[in-house]
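What follows is one structure encoded as structure tokens, with my remarks underneath.
The values are calculated or read from the model by the stated rules, or taken from the named source; none is laboratory data. Here the structure is a predicted model, which is why all the values come from computation and not from measurement. When we count neighbours, we look across all protein chains shown, and the Cβ atoms used for this are built from the backbone with ideal geometry, even at glycine.
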Amino acid sequence: MSNCISTPYFAAVNSIKEYNIKQTENCGKQPAAFVLTLGCQQNEADSEKIKGMAEDMGYVVSDSPDGVDLIVVNTCAIREHAEQRALSLIGQYKHLKANNPDLIIAICGCMTSRPERADLLRQSYPYVDIVFGTTALDRLPEYILNRMKGSKRIFTANEDFSVVEGLPIKRESSFKAWVSVMYGCNNFCSYCIVPYVRGRERSRTPKDIAEEVKNAVMNGYKEITLLGQNVNSYGSDTGGECDFPSLLESLAKIEGDFTLRFMTSHPKDVSDRLIAVMSENEKVAKHFHLPLQSGSDKVLKEMNRKYDSKKYLSTVEKLRAAMPDIAITSDIIVGFPGESEDDFEKTLDVVAKAEFDMIYPFIYSPREGTPAAKREDMIPDNIKSERFDRLIDLQNELSRKKNEAWVGRTLRVLVDGMSKKGNGLYTGRTDGGKLVHINSEKIKIGEFAEIKITGADTYALYSDER
Ligand code: 5AD
Ligand code: SF4
């Protein structure tokens, strides 16, 4: 079910705005807000809404926490390290509160949706004012207003799981836009915390999504990335009238010069129709992110992934048969409980056969509350890191070969920034999402360009034809 933003939301936004206008008049400086984003693209998309709300409330969005009046930390919980990082960053804001007692510090995102972490924030971080879950974004102005009026510290759990439409968005980029198509996950992979912190799958309506995409395209956005934990199950919670391939096909018909990307797809249900829609529509980028997680059928079963290595490789084959230039990337977890040397070698074997363009490798991190975390056959850290290094070595070799195969070809890239390598080089992304360092005077950030690939290494492509 989707709801529009409510009357209490507008009332709170207007009250805070009035207050901030008065503050600006009195102090000669507009109150500022800082939003720190940790974790995945879904959090980045949520933070763009938080920044949109902050602007509507009369704050100027700052890129530093120093001297601001509102700090929002949007946290991640996918691995232990992500939570430790969030807690350490939150710890650094204690002195800011000491300097400015009116500063409001709010923490949201996946970590705060875990009751044990919310309790920790309550007990050990007394300078934190507001802790709210992933589903309560639209309540933020009300919480801030209540706290400004002197209410007790605010701690709320995820309660209302409906989709809220109409929140303002302040996008980070002027040419790349995130568009969520659904929220939550029903898959309960045995290692993963996401279904517990983001709730069950909720799809937005095709109409709301199309409007957002049309709007972005009209405003000059060149790359639209559709987001969901498993986009393949888009629409299954709303009666299945419009599934993901149909959604993608209809969005690809929107007029304008733009590329459509999507992530993430669960390998258990990549349909032939999705592959057909991708290959038949020029606007859909030829990039597929298809998390393998493990190449061992035993481990995949214990992960509750609902596919085996054979099915996975047959999907890779179908994708390459339909789109020979497609880039395929993957997520892999090493050191899942009970993973034997033989299981790990099976992962290496599937990685070699799949010939991924790139992988995101992760060391298994036990997440309290998930079935895998209860197991007693944890893999020692030294073995996990040794496997991690071996996996990276293999993939580096594959990535280099894959990248070298592009040398000599002319590709369309979206120029997206200046290269960290300096020397006036630009960076761009190919249709397959590969990074290119470009040496050219004829290109412009935020626009597509045709460039010739003249070099490649493990991590990037190069175009050097000034
Ligand atoms: N430990 C390590 N990696 C994990 N991921 C999800 N949960 C865990 C965990 N407990 C990885 C998966 C997923 C990616 C987003 O994060 O590979 O695809
Ligand atoms: Fe986590 Fe699995 Fe859902 Fe991905 S599909 S978010 S790994 S539970």
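Values as computed for the structure displayed
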{"read-out": "Conditions (1) in a loop (DSSP other than H, G, I, E, B); (2) under 20 Å from Ile130 (Cα atoms); (3) away from ligand 1 (no atom under 16 Å from the Cβ): number failed by Val73", "value": "(1)"}
{"read-out": "Elements of type strands (runs of 3 or more DSSP E) contained in region 1-70, each with 1 or more residues being among the aromatic types (Phe, Trp, Tyr) and not assigned by TED's automatic domain parsing to the domain that holds Thr205", "value": "32-37"}
{"read-out": "Single condition Ala460 does not satisfy, out of (1) without any contact (Cβ under 8 Å) to a residue 24 or more places away in the chain; (2) away from ligand 1 (no atom under 16 Å from the Cβ)", "value": "(1)"}
{"read-out": "Close pairs (8 angstrom Cβ cut-off, 6 or more residues apart or separate chains): over 27 Å from Val163 (Cβ atoms) and in contact (Cβ under 8 Å) with a residue 12 or more places away in the chain in region 125-136, among the aromatic types (Phe, Trp, Tyr) and surrounded by fewer than 24 Cβ atoms within 10 Å (Cβ to Cβ) anywhere", "value": "Tyr127/Tyr93"}
{"read-out": "Given (1) in the same structural domain as Val194 (by TED's automatic domain parsing); (2) touching a Pro at 6+ places or on another chain (Cβ under 6 Å), number of the condition Leu290 does not satisfy", "value": "(1)"}
{"read-out": "Qualifying position, being within 16 Å of ligand 1 (Cβ to nearest atom), surrounded by 13 or more Cβ atoms within 10 Å (Cβ to Cβ) and either within 30 Å of Ala372 (Cβ to Cβ) or hydroxyl-bearing (Ser, Thr, Tyr) (or both), among Cys108, Cys40", "value": "Cys40"}
{"read-out": "Failed condition for Lys49, given (1) touching a strand residue (DSSP E or B) at 6+ places or on another chain (Cβ under 9 Å); (2) within 25 Å of Ala77 (Cβ to Cβ)", "value": "(1)"}
{"read-out": "Within region 123-236, helices (runs of 4 or more DSSP H) holding 3 or more residues that are within 16 Å of ligand 1 (Cβ to nearest atom)", "value": "194-198"}
{"read-out": "Residue check for Asn3: touching a Ser or Thr at 6+ places or on another chain (Cβ under 8 Å) and exposed (fewer than 15 other Cβ atoms within 10 Å of the Cβ)", "value": "yes"}
{"read-out": "Hits in region 281-307 (condition: within 16 Å of ligand 2 (Cβ to nearest atom), farther than 14 Å from Glu355 by Cα and not in a helix (DSSP H, G or I))", "value": "Gln293, Ser294, Met303, Asn304, Arg305, Lys306, Tyr307"}
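Conditions tested, residue by residue: (1) without any contact (Cβ under 8 Å) to a residue 60 or more places away in the chain; (2) within 16 Å of ligand 2 (Cβ to nearest atom); (3) out of contact with any His (no Cβ under 9 Å at 6 or more places or on another chain); (4) among the hydroxyl-bearing types (Ser, Thr, Tyr).
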residue	(1), (2), (3), (4)
Pro141	no, no, yes, no
Glu159	yes, no, yes, no
Val181	no, yes, yes, no
Asp208	no, no, yes, no
